[in-house]
Amino acid sequence: MPASAPRRDTRGIVDPAGLLSRVRFRRHLPAPELRPYLEHYWLIDWDLPEPYTSHVVPHPSVNVVFQRYGPPATGHASAEVAGIGLGLFTHELTGTGRVCGIQFRPGGFRPFAPARPVSTWTGRRVPLTDVFPDATGSPDAVLTPDEDHARVAALDAFLLAHGPAPDPAADHAMELVELARSDRTIRRAAQLAAASGLSARSLQRLFADRVGVGPKWVILRYRIHEALERAEAAGTTGTPDWAALAAELGYSDQAHLVRDFTTTIGMPPTAYARGPSVP
């Protein structure tokens, strides 16, 4: 079901208070006919007196990113397709800049780029024209307007020029990922396969082709997002019961949760809860 408003949570952002105090971050919905395929557009502008390094645990989503680093008159502008990031995304922001991004729903990118499996782009950031060869225009059409509505209109125009092409398999993949995200009883790929009516092998193939990563990875990533949000909230609500949270998220024990969290974020959840910062 397409959203009627963009998400307001900060899931995936490490130290969201630190980032949002330094940049102007907004989300906007696309044109109605694009909403079944997109999470939202995301816009960021900054003008920093000193560098700031941001850290994000990526969602299982492909993004198209239009970006300019530096002043409007002299800054470098580019556009790229960012496949699903497998690890922590770290990026230093300096001076002034602007980013206009398109976050697709997991499974929603393939109807706009049907030539290759979505797994082709996983873990990669490639020039926009590598995926959309006819997108030869300057990214300035998206990046130049100061008004958000004009940037949104430019993003709509770009996407509507490239689809979406009907793709029932992509529709099915989007439904299954949403089930994995929203149904807390789905803790393993085998459970998702049972709910989908597909064999484990067919489910893996569907996710590789239409989502870009396997169902086990998607389930794990959503669990890490939940644990990160709980750890972030611990500063105001008190230390969570990590053993109970591990059980709630489907981990075999607390140690397994701590290990996955530490591998992804770079520190254990108890240390993050005391004050999020990533080395």
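The values are calculated or read from the model by the stated rules, or taken from the named source; none is laboratory data. The model shown is predicted, which means the values in this text are computed figures rather than measured ones. Here the Cβ is made from the backbone with ideal geometry for all residues, glycine too, and neighbour counts use every protein chain on show. The area values use the complete protein model at the heavy-atom level, side chains included, leaving out ligands, DNA and RNA. Shrake-Rupley method; radii C 1.70, N 1.55, O 1.52, S 1.80 Å.
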Margin query: I'd like the full set of residues that are modelled with pLDDT of 95 or more and basic (K, R), limited to region 202-223.
Written below: R205, R210
Checklist line | Enumeration of residues in region 69-88 that are open to solvent by 20 Å² or more (accessible area, probe 1.4 Å) and either under 14 Å from V23 (Cα atoms) or among the β-branched types (V, I, T) (or both) | finding: Y69, T74
Check: So which residues in region 190-200 are open to solvent by 30 Å² or more (accessible area, probe 1.4 Å) and either of a type in the set (A, V, I, L, M) or touching a residue at least 60 places away in the same chain (Cβ under 8 Å) (or both), if there are any at all?
Finding: A190, A194, A195, L198, A200
Next item on the list: Sort through D130, D134, D167, D140 and tell me the only one that's at negative phi and under 21 Å from the mean Cα position of the chain (by Cα).
Entry: D130
Margin query: Contact list please: Cβ distance under 9 Å, first residue in region 149-169 and in a loop (DSSP other than H, G, I, E, B), second residue at pLDDT below 95 and of a type in the set (D, E, K, R), pairs at least six apart or on different chains.
Written below: A161/D134; H162/D134
Note to self: Show me the strands (runs of 3 or more DSSP E) entirely contained within region 64-116 in which 3 or more residues are more than 25 Å from I224 (Cβ to Cβ) and touching a residue at least 60 places away in the same chain (Cβ under 8 Å).
What the structure shows: 76-82
Check: Can you find even one residue in region 51-58 that is in contact (Cβ under 8 Å) with a residue 24 or more places away in the chain, out of contact with any strand residue (DSSP E or B) (no Cβ under 6 Å at 6 or more places or on another chain) and open to solvent by less than 30 Å² (accessible area, probe 1.4 Å)?
Finding: yes
Margin query: Of the residues A141, A135, only one is in a helix (DSSP H, G or I), surrounded by 15 or more Cβ atoms within 10 Å (Cβ to Cβ) and not acidic (D, E); which?
Written below: A141
Check: If you take the residues in region 14-35 that are open to solvent by 20 Å² or more (accessible area, probe 1.4 Å) and part of a strand (DSSP E or B), which one is farthest from Y272 (Cα to Cα)?
Finding: H28
Checklist line | Residue match in region 36-50 (condition: open to solvent by less than 30 Å² (accessible area, probe 1.4 Å), among the aliphatic types (A, V, I, L, M), part of a strand (DSSP E or B) and within 21 Å of I219 (Cα to Cα)) | finding: yes
